[in-house]
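**Q** First the structure, then my questions, so here it is.
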Amino acid sequence: MTKIAASLLSADFADLKSEIKSIEQGGADWLHLDVMDGHFVPNITFGPFIVEAIKRVSRLPLDAHLMISDPLKYAPEFAKAGADYITIHAEVIEDLPAAVERIKQLNVKVGLSVNPETPLDKALPAIEGIDLFLVMSVHPGFGGQKFMPEVLDKVRQLSVLKEQGKTNALISIDGGINPETSHQARKAGAEVLVAGAAIFKHQDRAAQIKAIRGE
């Protein structure tokens, strides 16, 4: 079944505990945590201490999406804070297989992400060792952007690689996901759909999660 990862960037941080409970009760499968440094992306969000606080109030797996210039420096802190997945960007790493191994040593699952303009080839050297592949369907930095359907070719390519046994990674997509665009993503082969505004901007979170999942 398609997994829904609720992106907390769109939640009300003044009432975060209640927001988390509402999407847990609504049927979300994961929490997606957008970590931004103001350097790799043009925005700043939060660090490990927020992840630690979220871990105390949620039973869902946490994916710390490190949109930062030096993910290997900070990955240990996010693992210590309780992240279940740590997702790094291929654009900021020279030796991807070595980086994946270093993060695996933190006893977390490893995700790898590419921006819309980055070809899939950039990430292929590490494709066998990862647990999650996150295709960005917007330019990262801010929530609520419009879905870029051209990235679905990467999702299709990943699906083929998975069928060929070249990777066991879950295929995820992040950016502009809503009940309409999720259909395209699922059809292309996406298994984990990251959605923020499409969930948190609606009163009935359970209905939105179902609609995004295609139920």
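The values are calculated or read from the model by the stated rules, or taken from the named source; none is laboratory data. The structure displayed is predicted, hence computed values, not measured ones. Counting neighbours? That spans all protein chains shown, and the Cβs are built from the backbone with ideal geometry, glycine included.
**Q** Could you tell me whether PRO42 is modelled with pLDDT of 95 or more and surrounded by fewer than 16 Cβ atoms within 10 Å (Cβ to Cβ)?
**A** no
**Q** Next up: Anything in the stretch 169-203 that is closer than 17 Å to SER113 by Cβ and free of Cβ contacts under 8 Å to residues at least 60 places away in the same chain? List them, or say none. Talk me through it step by step, then tell me what you get.
**A** Here is the first cut: in the stretch 169-203, the ones closer than 17 Å to SER113 by Cβ are 169-177, 185, 188-196.
Those that are closer than 17 Å to SER113 by Cβ and free of Cβ contacts under 8 Å to residues at least 60 places away in the same chain: ALA169, ILE171, ILE173, GLY175, GLY176, ILE177, ALA185, ALA188, GLY189.
**Q** Can you pull out the residues in the stretch 160-174 that are surrounded by 18 or more Cβ atoms within 10 Å (Cβ to Cβ), out of contact with any helix residue (DSSP H, G or I) (no Cβ under 8 Å at 6 or more places or on another chain) and either assigned to a helix (DSSP H, G or I) or of a type outside the set (S, T, N, Q) (or both)?
**A** If the condition is that a residue be surrounded by 18 or more Cβ atoms within 10 Å (Cβ to Cβ), out of contact with any helix residue (DSSP H, G or I) (no Cβ under 8 Å at 6 or more places or on another chain) and either assigned to a helix (DSSP H, G or I) or of a type outside the set (S, T, N, Q) (or both), then LYS162, LEU170, ASP174 are the ones that fit.
**Q** Additional query: For the stretch 45-59, name all the residues that are crowded, with 19+ Cβ neighbours inside 10 Å and in contact (Cβ under 8 Å) with a residue 40 or more places away in the chain.
**A** Matches in the stretch 45-59: ILE54 only.
**Q** Here is a list: ILE88, ILE4. Which entry is part of a strand (DSSP E or B) and in contact (Cβ under 8 Å) with a residue 60 or more places away in the chain? Outline the logic, then answer.
**A** On the way: ILE88 fails: in contact (Cβ under 8 Å) with a residue 60 or more places away in the chain.
Of ILE88, ILE4, the one residue that is part of a strand (DSSP E or B) and in contact (Cβ under 8 Å) with a residue 60 or more places away in the chain is ILE4.
**Q** Restricting the search to the stretch 177-214, which residues are farther than 22 Å from SER22 by Cβ, of a type outside the set (Ser, Thr, Tyr) and surrounded by fewer than 24 Cβ atoms within 10 Å (Cβ to Cβ)?
**A** GLU180, HIS183, GLN184, ARG186, LYS187, ALA188, GLY189, GLU191
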